[in-house]
Amino acid sequence: MSAAPSDYDPEKNLTLPSSGGGSTDRNDFAPGHAESNGNWGTRFIDSFKRDPNAHVTKPAQATNPREYDHAAAAERTANSGLATKLKGRHLQMIAIGGSIGTGLFVTSGAALSTGGPAALIIAFIIIGVLMFCTVQALGEMAVLFPVAGSFSAYSTRFLDPAWGFAMGWNYAIQWLVVLPLEIVAASITLSFWPGANDTNKAAWVTIFLIVIVAINFFGVRGYGEAEFVFAIIKVVAVIGFIILGIILNCGGGPDGGYIGGRYWKSNNVPANYPGYQMGQPAGSIASGAFNSGFKGLCSVFVTAAFSFAGTELVGLAAAESENPRRSLPTAIKQVFWRICLFYIVSLTIVSLLVPYGDARLLGDSSEDAKASPFVIAINNAGIEVLPSVMNVVILIAVLSVGNSSIYGSSRTLAALAEQNQAPRILAYIDRAGRPLVSIIVASALGLLCYVVAGGQEDAKTALNWLYSLSGLSSIFTWGSICLAHIRFRSAWKKQGHSLDELAFRSQVGVIGSWVGFILNCLVLVAQFWTAAWPIGYGTYTATGIAQNFFLAYLAAPVVILFYIPYKIYYRTPFMRTMNMDLQSGRKEWDTPTLLEAERVERAQLPRWKRIYKIFC
């Protein structure tokens with residue numbers, strides 16, 4: 001199949017009925033379509049049937065069943081049949097606020113306690129640079145190849161099919177195990193209010209699970225609309241906290257005087273600090289710029305990475321965007337502002353309002369919203385209503401992450417199935433463009449939340465081990481994206497193409513991808529060091545050190561266990577630049593014409609807006 005067949009509409013990214021056949025566009029089967037036959041109930045039931053156009057090509061049969069047919073895999077991910085209903089505003093909000101969740105609002109408190117304020121800011125800046133380079137590389141490839149599976153498919157196509165297999169399952173498992181624990185985290189968040197705390201957690205878990213699953217059964221449009229609303233609430237809340245934090249730091253709160261940079265200095269917590277009235281002995285709250293030195297800084301990296309996890313979803317969503325050429329570059333550029341404003345600025349404000357020695361930062365668990373430094377900062381100011389408001393925002397953030405977990409895992413599972421790297425049934429695409437079986441599987445994993453909510457300690461321990469998989473998973477994903485972009489650029493040049501043909505070009509180029517890849521590797525090294533020799537490891541037993549290591553580094557051996565057996569069995573090659581498929585799924589843009597039109601349009605804008613367009 002050519003890159004731009006006659007029945008392909010490059011503007012809408014839809015596979016339309018060909019003139020010679022009697023096939024029907026899958027959107028004709030979407031619930032409530034005006035031209036569908038039968039009543040609403042019939043159309044609704046029909047929408048769950050398999051899309052007859054979901055597979056444009058039949059799976060190719062390799063001559064040797066133990067040889068991986070990468071060309072057929074690329075062809076199938078390019079023609080997956082997913083619905084293309086995400087608009088530009090959806091992608092922009094997914095990019096700006098889609099992954100703002102417990103990592104920023106809650107777990108950052110433990111990071112502040114471990115490393116101190118300076119380590120917290122430095123670690124988030126480093127991971128922010130890494131993330132910016134990664135998303136730029138992803139945006140360039142996703143605009144050109146808006147295929148199902150996105151970055152896992154790029155690893156298969158541009159690196160090694162075995163590595164693509166490992167990265168696909170690494171990413172799917174990351175989201176699959178996050179779903180039940182995010183639902184439980186939502187029920188724990190509700191315990192902030194006494195009335196909700198008296199209700200059985202299983203009741204709240206049921207409500208949250210039904211809501212999240214229902215949103216995803218509405219298809220990609222349901223996910224997009226939900227994330228649009230969730231992101232607006234989170235963005236407004238963070239901006240509001242920044243403004244409030246500045247006022248509180250300058251002494252504008254009801255109970256406080258000027259704070260300034262007091263908590264960045266050692267042993268400078270005043271006797272009237274609210275933490276002393278909440279259980280801590282007088283004079284016991286430490287302060288200062290760093291805690292535990294360089295090792296404390298390295299310990300914060302994994303928390304920062306966890307906080308940014310989900311940013312790459314904007315690339316995964318490109319395959320379901322109405323017009324990735326226009327919407328994706330704008331969404332990619334928004335990541336710059338999210339890193340600067342919603343992470344760096346907000347955490348700087350937090351570090352000025354809460355000393356790292358406040359015991360409340362550790363909480364009872366990593367999901368305990370009472371441990372949120374945002375909530376503690378507001379409590380310290382003596383403002384009675386706002387902590388409840390902030391907890392509502394944290395609850396919404398937790399539900400948003402749960403919503404993203406079903407979306408991310410189901411699309412990745414479906415793409416793996418399209419590439420014969422997962423059971424084929426997972427590639428079932430219904431007539432509304434939903435990966436139905438994958439959504440059902442991802443939703444079913446959410447039932448594990450009842451085990452956690454039931455209070456069984458053994459079950460909690462087991463799920464905490466599963467949860468540890470998500471800690472480093474994103475680092476492997478981001479490193480693979482950067483390396484895939486480096487290899488793609490090499491193949492693009494080798495096969496006779498120029499950069500002028502790219503509809504969107506990474507603002508940091510190949511150098512940025514090298515920076516991102518090297519930073520990912522350094523984070524893995526730093527995390528290995530702090531996992532094998534944790535802070536205060538002299539007090540650990542041998543069993544304790546081993547357990548700490550695998551809890552912090554479990555994702556690495558899991559990736560290796562996926563990669564090596566697959567590599568040996570299928571004898572997959574490391575992809576050579578001349579053999580890389582640069583045709584399947586490629587969007588054929590009239591790039592020179594588009595760029596010239598955009599240049600003329602920009603030239604007519606005022607100077608301030610031309611500068612703004614560079615970043616947005």
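Here are some notes:
- Near the amide H of D430, within less than 5 Å, lie the amide hydrogens of D51, L436, all on another chain or at least 5 residues away, with H placed in the peptide plane.
- In the context of the full protein assembly, Y569 retains an accessible surface of approximately 110 Å², using a probe radius of 1.4 Å and ignoring ligands and nucleic acids.
- Mean Cβ neighbour count within 10 Å, used as a protection proxy, ranking 100-107, 521-528 highest first: 100-107, 521-528
- Sequence of T572, T199 from largest to smallest accessible area, 1.4 Å probe: T199, T572
- Given charges at Cβ of Lys, Arg, Asp, Glu: region 70-585 dipole, positive-most of F476, A309, F192: F476
- With an a/c value of 1.5 or above and a/b larger than b/c for the gyration tensor axes a ≥ b ≥ c computed over the alpha-carbon atoms, region 245-360 is described as prolate.
- Taken along the Cα-to-beta-carbon direction at a fixed 7 Å, the label points for L341 and D198 span 4.2 nm.
- Computed in the context of the full set of protein chains, the accessible area of region 316-451 at 1.4 Å probe radius has 69% of its extent on carbon or sulfur.
- Accessible area ranking (1.4 Å probe, heavy atoms, ligands and nucleic acids excluded), largest first, for F488, F230: F230, F488.
- Take the Kirkwood radius over Cα pairs of region 70-585, plug it into Stokes-Einstein at 4 °C and 1.567 mPa s, and you get 56 µm²/s for translational diffusion.
- J(HN,Hα) series, region 288-293, from Karplus relation 6.51 cos²θ - 1.76 cosθ + 1.60, nearest Hz, glycine and proline x: x, 7, 10, 10, 6, x
- Charge tally for G446 (other residues, Cβ to Cβ under 15 Å; Lys, Arg +1; Asp, Glu -1): 0.
- Ranking by accessible area, most exposed first, for R599, R586, R424 with a 1.4 Å probe: R599, R424, R586
- Positive end of the dipole of region 70-585 (Cβ unit charges, origin at the Cα centre): among F145, S498, F132, the Cα lying farthest that way belongs to S498.
- Distance from the C-alpha centroid of region 464-535 to that of region 172-226: 31 Å, rounded to the whole angstrom.
- A cut-off under 15 angstrom between Cβ atoms defines the neighbours of V508, and their net charge, with Lys, Arg +1 and Asp, Glu -1, is +2.
- Dipole in debye (nearest 20) - region 70-585, about Cα centre, beta carbon charges: Lys, Arg +1; Asp, Glu -1: 1180
- Residues of region 254-273 with an amide N closer than 18 Å to a point placed 7 Å from the Cα of I243 along the Cα-to-Cβ direction: 254.
- Amide H contacts for S321 (H built 1.01 Å from N in the peptide plane; partners 5 or more residues away or on another chain; cut-off under 5 Å): L86.
- The phi-based Karplus calculation (6.51 cos²θ - 1.76 cosθ + 1.60; θ = phi - 60°) puts the 3J(HN,Hα) values of region 531-541 at 6, 7, 10, x, 4, x, 5, x, 8, 7, 7 Hz, whole numbers, x for Gly and Pro.
- Accessible surface, per residue, of region 70-585 when the full set of protein chains is kept, probe 1.4 Å, Å²: 34
- A DSSP coil position with no more than 15 other Cβ atoms inside 10 Å describes the following trypsin sites (Lys or Arg not before Pro) in region 203-302: K265.
- Each Cα pair under 8 Å and six or more residues apart adds its sequence gap; the mean of these over the residue count of region 472-527 is a relative contact order of 60 percent.
- Between region 413-437 and region 552-591, the Cα center-to-center distance that results, in Å: 19
- The mean sequence distance of close C-alpha pairs (under 8 Å, at least 6 residues apart), as a share of the length of region 70-585, puts its relative contact order at 34 percent.
The values are calculated or read from the model by the stated rules, or taken from the named source; none is laboratory data. Computed from a prediction, not measured in an experiment: that's the story for all the values here. All Cβ positions, even for glycine, are placed from backbone atoms using ideal geometry, and neighbour counts span all protein chains on display. Side chains are part of the model used for accessible areas, which takes the heavy atoms of the whole protein and leaves out ligands, DNA and RNA. Shrake-Rupley method; radii C 1.70, N 1.55, O 1.52, S 1.80 Å.
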